[in-house]
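The values are calculated or read from the model by the stated rules, or taken from the named source; none is laboratory data. Since the structure is predicted, the reported quantities are computational estimates derived from the model, not experimental observations. All Cβ positions, even for glycine, are placed from backbone atoms using ideal geometry, and neighbour counts span all protein chains on display. What goes into the accessible areas is simple: the full protein's heavy atoms, side chains included, and nothing from ligands, DNA or RNA. Shrake-Rupley method; radii C 1.70, N 1.55, O 1.52, S 1.80 Å.
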Amino acid sequence: MTTPLPHGRTVITANDAAAYAAMLARVRAIGCYPITPQTLIVERLAELVAGRDDVEYANLESEHSMLGYVIGAARAGVRTFTATSSQGLLYAHEQLHRASRERIPLVIVDVNRAVFAPWSIEPDLSDSMSQRDTGWIQLYCSSAQEVLDSVLCAYRIAETAQLPVMVCAEGFLLSHTSEVVDIPAQDEVDAFLPELRPPVEWVLDPGRPRAFSSLPTANDYYAFQLNVAEAMDGARDVIAAVAAAFTSQLGREKVAALELAGNPDADTALVTIGTIGDTAKELLEAGEDLLVVRVHAFRPFPTDELSAVLARASYVAVIDRAAAFGSLGPLGSDVRSLGLGRLETVVDVVCGLGGAEVTPATLRWALSRARAGGADAVPVYVPEGV
């Protein structure tokens, strides 16, 4: 007997939301390998597919094999799902490059967790940020509702752009925190997300044996990389179009590249990603005159949109929850690359590593550094206890 999906407003975690979204998307092949704090996703999926003969649930021996499995299943023409965290994502690193260059429309949920060393199971964004240049679209979430909605959108984005999508949700802060989530009905999702129909010439077919990704000439290899780069650039419009379609068809607002809150004309802006974007809204509730920008689509980076929304700001504090040793943080580096010449200062602040708390006081400290002027060439690490 199969376990039915809940429907309507219900209290669940982001891990549950990811599992339910995968089932609503009618995935047909699930590759899994457990790792904290992601394990509850694949455990929930095991319950949901028990007794069904239309879904393959594969327990693999490693995350590297897990990605190989879903790549192969996708090339056979079926919709797939997998999830991981931290060291698991790092172990699958070479498969991430393969998936994007072979234009595999995968969806993976990365439940963000700090990376070794030392051991930590607490959240930061180091795992997924370290994979930002592997050719995957990356979407960072701030709630369980956004996880569910983003997974559904991720399939439509991936299958339109022919690129893999990584949906990122911070461990424990989202994965194990229960909140009210509105779960759409299956017929609503079916109307939004059509059946997967990959290009015939792309699908592996034993009746038409061919070689893929064999040793090319240098020019052919270059053409492969250019193909991915052009697809990634085009994905900006795809993300916006899919978010608009989701909002229209499911009746719930869906963030595309950026979420904005506060005063768009303020002289100070706070650029955030993930759950820190919600923490920043507490500053607005306390009366701060501030523009809060939360980056949802980090790859492709929303260059034009972010340049436009920061055009009126004189001071910008960028909050990174991942380190990039020897350089600005990942988000700070990209914001600084916009070349916002009018700005008096852009300060990149690194905080929240290994689950360290990021509170409104932390963000006020970051804003004070930005307003003090003088952009630093290196990131500013928040002092302990701030």
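How about the range 1-34: which of its residues are without any contact (Cβ under 8 Å) to a residue 60 or more places away in the chain, under 22 Å from SER150 (Cα atoms) and among the aliphatic types (A, V, I, L, M)?
ALA19, MET23, VAL27, ALA29, ILE30 - these are the residues of the range 1-34 that are without any contact (Cβ under 8 Å) to a residue 60 or more places away in the chain, under 22 Å from SER150 (Cα atoms) and among the aliphatic types (A, V, I, L, M).
All but one of (1) touching an Asp or Glu at 6+ places or on another chain (Cβ under 8 Å); (2) assigned to a helix (DSSP H, G or I) hold for SER213; state the number of the condition that does not hold.
Here SER213 meets the rest and fails (2).
Listed here are the residues, each with its yes/no results for (1) more than 15 Å from the chain's Cα centre (by Cα); (2) open to solvent by 10 Å² or more (accessible area, probe 1.4 Å).
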residue	(1), (2)
THR82	no, no
HIS97	yes, yes
ARG101	yes, yes
VAL107	no, no
ASP124	no, no
SER128	no, no
GLN138	no, no
SER143	no, yes
VAL151	no, no
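Take the range 133-159 and flag every residue that is in a helix (DSSP H, G or I) and of a type in the set (Phe, Trp, Tyr).
TYR155
Given the condition open to solvent by 30 Å² or more (accessible area, probe 1.4 Å), modelled with pLDDT under 95 and not hydroxyl-bearing (Ser, Thr, Tyr), answer yes or no: does some residue in the range 273-294 qualify?
no
Has the range 346-363 got any residue that is hydroxyl-bearing (Ser, Thr, Tyr) and open to solvent by 10 Å² or more (accessible area, probe 1.4 Å)?
The answer is yes, given that some residue of the range 346-363 is hydroxyl-bearing (Ser, Thr, Tyr) and open to solvent by 10 Å² or more (accessible area, probe 1.4 Å).
Just give me the residues in the range 178-198 being open to solvent by less than 60 Å² (accessible area, probe 1.4 Å) and either among the aliphatic types (A, V, I, L, M) or touching a helix residue (DSSP H, G or I) at 6+ places or on another chain (Cβ under 7 Å) (or both), in sequence order.
Those that are open to solvent by less than 60 Å² (accessible area, probe 1.4 Å) and either among the aliphatic types (A, V, I, L, M) or touching a helix residue (DSSP H, G or I) at 6+ places or on another chain (Cβ under 7 Å) (or both): GLU179, VAL181, ASP182, ILE183, PRO184, ALA185, GLN186, VAL189, PHE192, LEU193, LEU196.
Could you grab me the full set of residues in the range 228-240 that are small (Gly, Ala, Ser), touching a residue at least 12 places away in the same chain (Cβ under 8 Å) and either open to solvent by 20 Å² or more (accessible area, probe 1.4 Å) or not in a helix (DSSP H, G or I) (or both)?
Selection gives GLY234, ALA240.
Name the residues in the range 199-227 that are under 19 Å from GLY135 (Cα atoms) and open to solvent by less than 60 Å² (accessible area, probe 1.4 Å), would you?
TRP202, ALA223, GLN225 - these are the residues of the range 199-227 that are under 19 Å from GLY135 (Cα atoms) and open to solvent by less than 60 Å² (accessible area, probe 1.4 Å).
Of the residues that sit in the range 340-361 and are without any contact (Cβ under 8 Å) to a residue 40 or more places away in the chain and either part of a helix (DSSP H, G or I) or among the acidic types (Asp, Glu) (or both), which one is farthest from GLU285 (Cα to Cα)?
Out of the qualifying residues, it is GLU344.
Does ALA313 satisfy the criteria of being surrounded by 17 or more Cβ atoms within 10 Å (Cβ to Cβ), touching a residue at least 12 places away in the same chain (Cβ under 8 Å), within 30 Å of PHE116 (Cα to Cα) and over 17 Å from the mean Cα position of the chain (by Cα)?
Against the criterion (surrounded by 17 or more Cβ atoms within 10 Å (Cβ to Cβ), touching a residue at least 12 places away in the same chain (Cβ under 8 Å), within 30 Å of PHE116 (Cα to Cα) and over 17 Å from the mean Cα position of the chain (by Cα)), ALA313 does not qualify.
I want to confirm something. Restricting to the range 241-250 and keeping residues that are open to solvent by less than 30 Å² (accessible area, probe 1.4 Å) and out of contact with any Leu (no Cβ under 8 Å at 6 or more places or on another chain), which single residue is farthest from ALA74 (Cα to Cα)?
LEU250
Give me a count of the residues in the range 1-34 that are assigned to a loop (DSSP other than H, G, I, E, B), surrounded by fewer than 20 Cβ atoms within 10 Å (Cβ to Cβ) and modelled with pLDDT of 95 or more.
3
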